[in-house]
Every structure is written in structure tokens, then in C-alpha cells.
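> After the C-alpha cells below, expect a handful of questions from me.
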Amino acid sequence: MEKKSYVKPTIVRHSIGVMNKYGRPPATVPMSRLAGFSVKELVGQYGSPLYVLEVDQLRQQYRNLFRAFSTRYPATRVAYSYKTNYLKAICSILHSEGAWAEVVSGFEYDIARNLEMPGDKIIFNGPYKTREELTRAFTEGAMVNLDNYDEIQVCEGLADDLGKKLPVGVRVNMDLNNPPWHKFGFNIEAGHAYEAVKRIQTGGKLDVRGLHIHVGTYVDDVNIYAAAARGLVSFYTYIKEQLGVKLEYWDMGGGYASHNTLNWAWQSAEYTCPTVDQYAEVICPILLNGPFGSGDAPKLFIEPGRALVDEPISMITTVVAQKRLPGGKRGVIVDAGMNVLSSVQWYNYNFQTVQDSGVTVEDTILYGGLCMNIDVLRQSAALPPVRRGEHLVIPHVGAYNLSQSWQFIYLRPAVIAVDDGKIHVIKARETRDYVQQMEQVPEDFQTYRSESRK
Amino acid sequence: MSEIFSSELTMSKNGFLFDHGSGLTYTLNTTGQLIFNLLESGKKSTQILEKLMTEFDVTEDTARKDLDDFYRQLKELGLIDQ
């Protein structure tokens, strides 16, 4: 007699995972294939953990976002926020779609130039730009948004050195959210932004051509963007009247959410994440009411990162162990740690099973594989039975996890891109030689080798 | 280990378990149901292990490990006495 296929025995107390007023329970449909390939085979070939980029989806994210804004505000340009994920292949794909580069350091600026992005398609933001970096940016025609008075002074010095008036943007902030984003730029309500623009214009060495605001990160309340757009319009109206400033651009920054549920949210992102059309619908009509005629509308820049790259990248992990905790809760340990999934501090990631394990789910704490007590990937997830060696897929991990990853205890995983049925390795798995290539052991420290052999 | 179930438990054919004493309810998957029924009929751990290996395509190592985990769960839920 043929034996029946086996599923690990489970018993689950009825308290979680049921339909309630906040939404439906998480799906337990197995995800045996990713980007058209068997998950098992991908791991077999490229190792686990593994990041998988679906190129088509990345292009679609870009096109959808650009369409949403440019149909409502024709002079829209999208500048990709490099810090979200500056793998060269990803930046290249987005540039091929028409994205400019939004960089926040000389390192990122260099990546963009190395990818042959012309300087005049680079926006240079951030609170810390060195004099050398600023010199290069101005010389190559990049848009520079100034963050503080020290930077204004440095740039005035540069204008003297370069013998010309330099066009600049000014980053502003407003009291829009809690906690307020006051770290960056000059506050409008306190009058600092007006003082800064006046100071720049009266200096005669720089010329304000743009206003930049970035309202936060993962901002899923479109009203915050509406308030920011209204603030920009009234501020522009004021500095135009008072100081004669004529803007060439306004830059609404980024912060647009993706379909990942925040740790503290009681509703799934499936319900709360606005569409790109909803963002565009509140921002664009307000800006179109700005103080300009039909022929001289400032360009609108938006600087999405998360909204472009989060969803097209998934991670495949492998279960390495499981245990029963005091109190009866199940713990599952996987081979990826928080060092390669740093966004676990913000997100309740979905962990999708790959094998068919039935529909019975159990409250589970998911641990990363690092030998560190804080390495918890999710405090509570409704998971069906899984076993050592089985895989779990974590969708939507493309934002920040790669650029913020740190090498710790284990080597960092490979990144593959699936494009039109073809697989490309866009970042190889690290090797020990790669990790240690900048290190040296001075000869004096090597005596133990000969002594230990005695 | 000795497995003595509370007499106040009733399980339906599709694995819905009701504890008359506490009012709590549980769901067992098919493997869980089989083990539960065997425990209720007084079978010992070794007999249950054998039964699993006869019925299912499973190695002894896996079945033993899973059974141990299942017993730990039942104990934590207060459904079996030690």
C-alpha cells in the first residue's frame, strides 16, 4: 500500500488568525515559485539566503509612478533615491526608464557618475556634503539643495573660487508630522527658511532656484503631502513677492509607502498603503495653483526610493531549526539575520511558505540565524508547520535592507535579477577574501604563528 | 511519558477540538488528529511512532522529533498530564 504524504502534527488554540474588523487572516498558500522559477532550484543554484529582483516589476513600479505624477503635472521628473538601494544594476534599470539620480553623499554621487549619469541629472541632497564633493557637483552642473548655514558659507566660498554665481536649492521643513522632521533644512513656520533665502539672495553669490522638502519616511497619510504642497506654494508666493525669487523647480522629496505593514500598525498595508495616484492626486493640483503662468511652471521633482524598489525584491530563506519556547509558543530560526533584513525594525514582514504544509497555522516567533538575542525577524506570525531545510519567501524587501546591511558572523547573500525568463547575478555572494581584503596583520603581530608551532 | 487526557475533550471528525472544562477550542491537522485519537485510546509513544511510520511517508528521525514537539505543545496547552 502506498503511504500517505506526511505533514508535521499541529494543534492550534483558536485565538489568532481569524477574520476580524481589521482584516482577514494571512494567507498560507504556498509560494513554490518565484519570478517563474522554482524556489528550491534557485536556492540550489545561488545559495540561501538569496535576494531575488523581478526586473519587470521594477520597471512597472517606475512607469506607474511616473504616469501618476506626469499626467497631473506634466513637468515632472523622477529622481531615484539612491540610498534606498544603490546596487548598480538597479540604478541602471531605473536610469534606463528615465529616472534621474538623487544622491546624499559623495560616494553615491560617484556611483551615479560611474554609471554615466550626467551631472545635470543628479540631485545632491543631505546634511553632510564636503567642499570637494560640492565643487565637483557645481562644476558638473548638478542640482544642489542646501541644508544649513555652514553649507551656504562653503558654497559662497566656492562661488568665489569658481568665479560665478551658483544656482542652489534650499531644503525647507514644516511642522507636518509627529515627531517633526526638523533635522533637515530650514523651518518655514519659525521663519528660518525665509531668513535663509533672504540671506542667500542678499549675499549675491548664490541664486535660489529651487525649494526642496522631504516630509518623512513611509508616510502613508497623503494629507501630509497635501499640507507640504500648500506650504511650498505659500512660501514660494511670499519669497517671490518679497525677494523676487523665481523658482526653476520644486522638489517634493520621497517617503512614499510600500506594501509592507509597519510593526505598530493594526491594519495590513494591503488596506493602508496609498496608491501612487492618491499621492499624485493631492500633490499636483495644489502645486499647479502656484504663482506662475502657463509657460513658466517650475519643474516638479519627486524622489521615490521605497515606493520603487521595495516590492520588486524578495528574499528566500531556509529554516535551520525550530524549538518550543516556555509558554508553548513555537520558535523558528532561519538562515537570514537582521544584518541583511534591517527593516525588521519597522516592518512585520510576511513569511510565505514554499512547501504545502496544510492550512493550520500556529503563532510563531521568527528568529534570524545570528548568535545574538536581539536577532528577531518577527515577534508573531501565523505560520503553518515548517521543517529544517524548508524555505520561506519574504516578499517586498528591496528598500534599505541591502544598502543598510552589515557583514556580521556570516557572509552576505547574493542578489539575482530575473529578467524576461533569464537569471543574472547582480551581486555575488560575499567571500572571506572579499570581507578581509582591506585588512592587514602587521608582521610584529604574526609571531604567535611560529611560536605556536614550537 | 504518561498521557492522560482530560475526559472533557471532544474532537469532531475534521479536527475541531472543544474543551468543555475551559471553553477553549483548538484545531488539529490530520496528523495531529491521528495522534490525538491514538493517545485517547491509550496507545503508548512507541506504538504511536510505529503507526506514523506505517501510515505515512516519513523517516523515524523526523517522526520522533515531531512527536516530541507535539507532546510538548499538548503539555504547554494543558491537554495532557505529565
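> Taking H as built 1.01 Å from N, whose amide H comes closer than 5 Å to the amide H of A:ASP335, not counting residues under 5 places away?
A:THR318, A:VAL320
> Which of A:HIS214, A:ILE200, A:PRO285 sits farthest toward the positive end of the charge dipole of the stretch A:55-309, with +1 on the Cβ of Lys and Arg and -1 on the Cβ of Asp and Glu?
A:PRO285
> Over the stretch A:244-332, with the other protein chains present, what is the accessible area per residue in square angstrom, probe 1.4 angstrom?
Details: 3170 Å² over 89 residues.
Computed with neighbouring chains in place, this is 36 Å² per residue.
> With θ set to phi - 60° and the Karplus curve 6.51 cos²θ - 1.76 cosθ + 1.60, what are the ³J(HN,Hα) couplings of the stretch A:221-236 in order, to the nearest whole Hz, using x for Gly and Pro?
Here the 3J(HN,Hα) series is 9, 5, 4, 5, 5, 4, 5, 5, 5, 4, x, 5, 5, 5, 5, 4 Hz.
> First compute the accessible area of the stretch A:189-289 with a 1.4 Å probe, then give the percent of it belonging to carbon and sulfur atoms.
On the way: 2130 of 4190 Å².
Taking all protein chains in place, the stretch A:189-289 shows 51 percent carbon and sulfur surface.
> When Cβ neighbours within 10 Å are restricted to other protein chains, what is their mean count per residue of peptide A:318-329? Write out the running numbers ahead of the final one.
Numbers: counts 0, 0, 0, 0, 2, 2, 8, 2, 1, 1, 7, 2.
Average per residue, whole number: 2.
> Show me the ranking of peptides A:240-252, B:38-50 by mean Cβ neighbours inside 10 Å, starting with the highest. Provide the component values of the computation, followed by the final result.
Values: A:240-252: 17.4, B:38-50: 14.4.
My ranking of the peptides, most packed first, is A:240-252, B:38-50.
> Let me ask another. At 7 Å along the Cα-to-beta-carbon direction for both A:GLU430 and A:ASN289, put a label point, then send me their distance in nm to one decimal.
Distance between label points: 5.1 nm.
> Still on this model: Mind checking the log10 I(q)/I(0) for the stretch A:272-419 at q = 0.11, 0.12, 0.13, 0.20 Å⁻¹? Debye, one equal scatterer per Cα, no solvent, two decimals.
Values, matching the q order: -0.54, -0.61, -0.68, -1.25.
> Which order do you get for A:TRP406, A:TRP264, A:TRP100 if you rank them by accessible area with a 1.4 Å probe, largest at the top?
Numbers: A:TRP406 100, A:TRP264 165, A:TRP100 30 Å².
Listed by decreasing accessible area, they come as A:TRP264, A:TRP406, A:TRP100.
> Something else: Counting only other chains, what is the mean number of Cβ atoms within 10 angstrom of the Cβ of each residue in peptide B:66-77?
Values: counts 7, 2, 1, 8, 5, 2, 5, 10, 3, 2, 7, 4.
That works out to 5 on average.
> Given a 1.4 angstrom probe, I'd like the percentage of the accessible area of the stretch B:4-81 that is carbon and sulfur, rounded to a whole number. Kindly include the intermediate steps, with their values, before the conclusion.
Values: 2060 of 4130 Å².
Carbon plus sulfur share of accessible area: 50 percent.
> Applying 1/(1 + (r/R0)^6) with R0 = 22 Å to the Cβ-Cβ distance of A:ASN177 and A:LYS299, what FRET efficiency is obtained, to the nearest 0.05?
Details: r = 26 Å, r/R0 = 1.16.
FRET efficiency, A:ASN177 to A:LYS299: 0.30.
> Could you pull out every residue, at least 5 positions away or on a different chain, whose amide H is within less than 5 Å of the one on A:TRP346? Hs are placed 1.01 Å off N in the peptide plane, and Pro or chain starts have none.
Amide H to amide H, under 5 Å and 5 or more residues apart or across chains, A:TRP346 pairs with nothing.
> Looking at the stretch A:55-309 from every direction and averaging, what is the projected area of its Cα convex hull in nm²?
Values: hull surface 52.9 nm².
Answer in nm², one decimal: 13.2.
> If you don't mind, another one. From largest to smallest, what semi-axes in whole angstrom does chain A give when each is the square root of 5 times an eigenvalue of its alpha carbon gyration tensor?
On the way: eigenvalues 397, 163, 77 Å².
Rounded to whole Å, the semi-axes are 45, 29, 20.
> For A:VAL7, tell me the accessible area in Å² from a 1.4 Å probe, rounded to the nearest 10.
Surface accessible to solvent at A:VAL7 totals approximately 40 Å².
> May I pose another question? How high is the relative contact order of chain A, in percent, with contacts defined as C-alpha pairs under 8 Å that are six or more residues apart?
Values: 889 pairs, mean separation 90.6, N = 454.
The normalised contact order for chain A reaches 20 percent.
> If you take the charge dipole of the stretch B:4-81 about its Cα centre, with +1 on Lys and Arg Cβ and -1 on Asp and Glu Cβ, which of B:LEU38, B:MET53, B:TYR71 is farthest toward its positive end?
B:LEU38
> Here is a further query. Kindly report, to the nearest 10 Å², the accessible surface of B:THR54 as traced by a 1.4 Å probe over protein heavy atoms only.
About 90 Å², rounded to the nearest 10.
> Would you mind giving the three semi-axes, in whole Å and largest first, of the ellipsoid equivalent to the stretch A:347-406 according to its Cα gyration tensor? It would help to have the intermediate numbers written out before the result.
Details: eigenvalues 95, 39, 25 Å².
Values for the stretch A:347-406, descending: 22, 14, 11 Å.
> Determine ³J(HN,Hα), in whole Hz, for all residues of the stretch A:141-149 in sequence, where each value follows from phi through the Karplus function 6.51 cos²θ - 1.76 cosθ + 1.60 and θ = phi - 60°; x replaces Gly and Pro.
x, 6, 7, 10, 9, 7, 10, 7, 5
> Please give the solvent-accessible surface of A:PHE66 in Å², to the nearest 10, using a probe radius of 1.4 Å with every protein chain present.
80 Å²
> Looking at the stretch B:4-81 from every direction and averaging, what is the projected area of its Cα convex hull in nm²? Display every interim value, and only then the final one.
Details: hull surface 19.7 nm².
In nm², the orientation-averaged hull projection of the stretch B:4-81 is 4.9.
> Radius of gyration and Dmax for the stretch A:207-274's Cα atoms, expressed in Å?
Final numbers for Rg and Dmax: 15.8, 48 Å.
> For peptide B:10-22, compute the average count of partner chain beta-carbon atoms within 10 Å of each residue's beta-carbon. Can you show the working numbers first?
Working: counts 0, 0, 0, 0, 0, 4, 1, 4, 0, 1, 0, 0, 0.
That average works out to 1.
> Let me ask another. So, in nm, how far is label A:LEU243 from label A:TYR271 when the simple model puts each one 7 Å beyond its Cα toward the Cβ?
4.6 nm
> Would you rank A:HIS95, A:HIS424 by solvent-accessible area, highest first, keeping every protein chain in place and using a 1.4 Å probe?
Details: A:HIS95 30, A:HIS424 80 Å².
The residues order as A:HIS424, A:HIS95, largest area first.
> Ranked by accessible surface with a 1.4 Å probe, highest first, in what order do A:GLU116, A:GLU270, A:GLU133 come?
Values: A:GLU116 155, A:GLU270 105, A:GLU133 50 Å².
From most exposed to least exposed: A:GLU116, A:GLU270, A:GLU133.
> Need one number: buried accessible surface between chains B and A, 1.4 Å probe, both sides summed, DNA, RNA and ligands left out, in Å² to 100.
Details: alone 5530 and 22140 Å², together 25420 Å².
It comes to approximately 2300 Å² buried between B and A.
> Show the residues, 5+ positions off or on another chain, whose built amide H is closer than 5 Å to the amide H of A:GLU362.
The answer is A:LEU383.
The values are calculated or read from the model by the stated rules, or taken from the named source; none is laboratory data. Keep in mind that what you see is a predicted model, and the values were worked out from it rather than measured. Neighbour counts are summed over all protein chains in view; Cβ atoms, including those assigned to glycine, are modelled from backbone coordinates with ideal geometry. Ligands, DNA and RNA are excluded from the accessible area calculation, which covers all protein heavy atoms including side chains. Shrake-Rupley method; radii C 1.70, N 1.55, O 1.52, S 1.80 Å.
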